[in-house]
1. In the stretch 79-91, how many residues are crowded, with 18+ Cβ neighbours inside 10 Å and part of a loop (DSSP other than H, G, I, E, B)?
2. Taking the stated definitions as given, is Met433 surrounded by fewer than 16 Cβ atoms within 10 Å (Cβ to Cβ) and either touching an Asp or Glu at 6+ places or on another chain (Cβ under 8 Å) or free of Cβ contacts under 8 Å to residues at least 12 places away in the same chain (or both)?
3. With basic (Lys, Arg), surrounded by fewer than 18 Cβ atoms within 10 Å (Cβ to Cβ) and within 26 Å of Gln348 (Cβ to Cβ) as the only criterion, which of Arg416, Arg428, Arg454 stands out?
4. Looking at Arg96 and the list (1) over 20 Å from Pro207 (Cβ atoms); (2) in a helix (DSSP H, G or I), which single condition is not satisfied?
5. Test Ser76 against the criterion of being in contact with a helix residue (DSSP H, G or I) (Cβ under 9 Å, 6 or more places away or on another chain), surrounded by fewer than 18 Cβ atoms within 10 Å (Cβ to Cβ) and outside the structural domain of Ala225 (by TED's automatic domain parsing), and give yes or no.
6. Which of the helices (runs of 4 or more DSSP H) contained wholly in the stretch 292-408 include at least 1 residues that are modelled with pLDDT under 95 and surrounded by 15 or more Cβ atoms within 10 Å (Cβ to Cβ)?
7. Given the stretch 200-267, what strands (runs of 3 or more DSSP E) lie entirely inside it while holding 3 or more residues that are of a type outside the set (Asp, Glu)?
8. Residue under question is Thr95, and the condition is that it be of a type in the set (Ser, Thr, Tyr) and either under 15 Å from the mean Cα position of the chain (by Cα) or buried (at least 17 other Cβ atoms within 10 Å of the Cβ) (or both); does it hold?
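The values are calculated or read from the model by the stated rules, or taken from the named source; none is laboratory data. What you are looking at is a predicted structure, and each value in this text was computed from that prediction instead of being measured. Please note: Cβ atoms are built from the backbone with ideal geometry, for glycine as well, and neighbour counts cover all protein chains shown.
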Amino acid sequence: MQASPNLLSSHHVAVIGAGAAGLVAARELHREGHKVVVFEKDDQVGGLWMYDPRVEPDPLGLDLTRPVVHSSLYESLRTNLPRETMGFMDYPFVTREGEGRDPRRFPGHREVLMYLQDYAREFGIEEMVRFGCEVVNVEMIDSGKWKVKSKRKRLDDNDRGDDFADHEDFDAVVVCVGHYTQPRIAEIPGINLWPGKQIHSHNYRIPEPFRDQIIILIGASASAADISVEIAGLAKEVHIARRSAVDDDTYEKKPGYDNIWLHSTIERACEDGTVIFRDGSVILADVILHCTGYKYGFPFLKTDGIVTVDDNRVGPLYKHVFPPILAPWLSFVGIPYWTFPFPTFEVQSKWIAGVLSGRIALPSQEDMVEDVKIYYSELEASGVPKNHTHNLAHSTNDYNMWLASQCQCSCFEEWRIEMSHEILKNWRARPNMYRDEWDDDHLILQAHEDFNRRISNKASNGHI
C-alpha cells in the first residue's frame, strides 16, 4: 500500500486538531505547497491549552460514554519549560506587551494559549481551520485516498443545535489530536471495596474541594509535584505514593513541608477506608488522586488493525510518525513525550511535509518495518516497559537532531541542547523554585541573540 509521491508534488491533506501540533503541521504543509484543511471540534485554536473550568461527571474518566472535557489544565498551571525551549523554533516565544500577557520566563497556561493564537494569526492558519467540526471517522478507500467524515453543529432559528455530517476525500491525513484527555488509572488491589473518593488529575482544577481532607496522591510527574504542593495549602495531609528509581521503602516528610509525606507504592486499599503502603505505613484517607498519566486513543481512525494502541504503544510507527504500510499518506505529530513539545512538533511536521512533496525520501517499507522491530527489541533488552515506548526522556535531543538532518535544517542550536541539561539540573536542585530561580542567564542571552538574528533574516527576505 505504500507509495511514493511524485517529485515536488502537492497534495490535499487533512490535519486533525488545531492545537500546537496541528497548527505547526498546517503551516509546514502549506509552506511545502500542499492544500491543507484543519479540522477542529472547538471554536478556537489551542487544543489542550484552552483552559476549561468544567470537569467531567466521571472523576476517573472510566466511562467511555461520558461527555468529555478535552483540556486537562488546572487553574494555576505554569509551564515546566522556559520560553526559550518551549516555543516553535521559527516563531520565538518571547514576551509581548498587552492586556493579560504574562512576562514570566515560565508563564501560565493563558500566555501559552495567546502565543498559539498569535502564531495562527501570523501565518494565516486560522483560514485553513474548520472550527466546530469534529472528525468521527477516517478510513482509506479503494482509490487509495482517505475519506474523512466529520460532524458539526448547525443552529436553527430556535437556537437548537443539530449535528450534520460531511464527507471529504484527502490524499493524506496528519493526526494531531494529542494524548492528554483519556486518563490512565493506577491498579490498586482492593480498590473496588475502598469507600473513599477517587479522582484523576484530568479533573483537577482548583484545591478548594480538598480542604481539611487527607489525600493520597499517586504519581511523580511535574503536574503531580505541583498539585501536591497546591493541595497541601488547604488539605489536612497529603501522602504521595510514587515508584522510586531505587526500590526502597520510603516513608518520610517532604523537605520544607509539615503535611506532605513521601511513600513507596501502594500495597492495597481496604474496606475500612485505610490504604496500606509497601513501606508498612497505613493511612486513613478521604481521597485518592491519580496523577498517573494518560492513554493514547484514536477512536475515529480505521486502519483494519494496521495501527493499534497496545498498552500505550502506538504502532507500528517509524520514528514515532509514519506507519510503514500506510506511509506517507498517514502520519502522526506529537506522539512522543518527555520532549520539548513545540520544537519536536515543528521538526516532525517539516519532515512529513517534505516527504509528501517528494523532497525527502523515506526508506522502503521493509526497512521501516525492520527499524521499528529493532527499536522495540532495544527497549525490551533495556528493560523499558511497553507503555514507555514513546518516552524520549533520555533521547529527545538525539531524536530532534535526527529529524532535523532528514529535513536538512540546522534548527537545533547548541544552546538548546545545553539549556535542556541546565533545566533538568535546576529542577533537581530547586524542585519548588526552578521556575523563578536559575543559573543559565548566559544561555538565555544566546537564545535571544539567535531569535533576533532569525527575525532580522526573515525581515531582510521580505517575510516574518
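1. The qualifying residues number 6.
2. Details: surrounded by fewer than 16 Cβ atoms within 10 Å (Cβ to Cβ): yes; either touching an Asp or Glu at 6+ places or on another chain (Cβ under 8 Å) or free of Cβ contacts under 8 Å to residues at least 12 places away in the same chain (or both): yes.
Criteria met by Met433.
3. Details: Arg416 fails: surrounded by fewer than 18 Cβ atoms within 10 Å (Cβ to Cβ); Arg428 fails: within 26 Å of Gln348 (Cβ to Cβ).
Going through Arg416, Arg428, Arg454 in turn, the sole match is Arg454.
4. All conditions are met except number (2).
5. Numbers: in contact with a helix residue (DSSP H, G or I) (Cβ under 9 Å, 6 or more places away or on another chain): yes; surrounded by fewer than 18 Cβ atoms within 10 Å (Cβ to Cβ): yes; outside the structural domain of Ala225 (by TED's automatic domain parsing): yes.
When the stated conditions are applied, Ser76 passes them.
6. On the way: elements: 341-357, 365-381, 396-407.
Once the helices (runs of 4 or more DSSP H) in the stretch 292-408 are filtered for at least 1 residues that are modelled with pLDDT under 95 and surrounded by 15 or more Cβ atoms within 10 Å (Cβ to Cβ), what remains is 396-407.
7. Qualifying strands (runs of 3 or more DSSP E): 214-218, 237-241, 260-263.
8. Numbers: of a type in the set (Ser, Thr, Tyr): yes; either under 15 Å from the mean Cα position of the chain (by Cα) or buried (at least 17 other Cβ atoms within 10 Å of the Cβ) (or both): no.
Considered against the rule, which asks whether it is of a type in the set (Ser, Thr, Tyr) and either under 15 Å from the mean Cα position of the chain (by Cα) or buried (at least 17 other Cβ atoms within 10 Å of the Cβ) (or both), Thr95 comes out as no.
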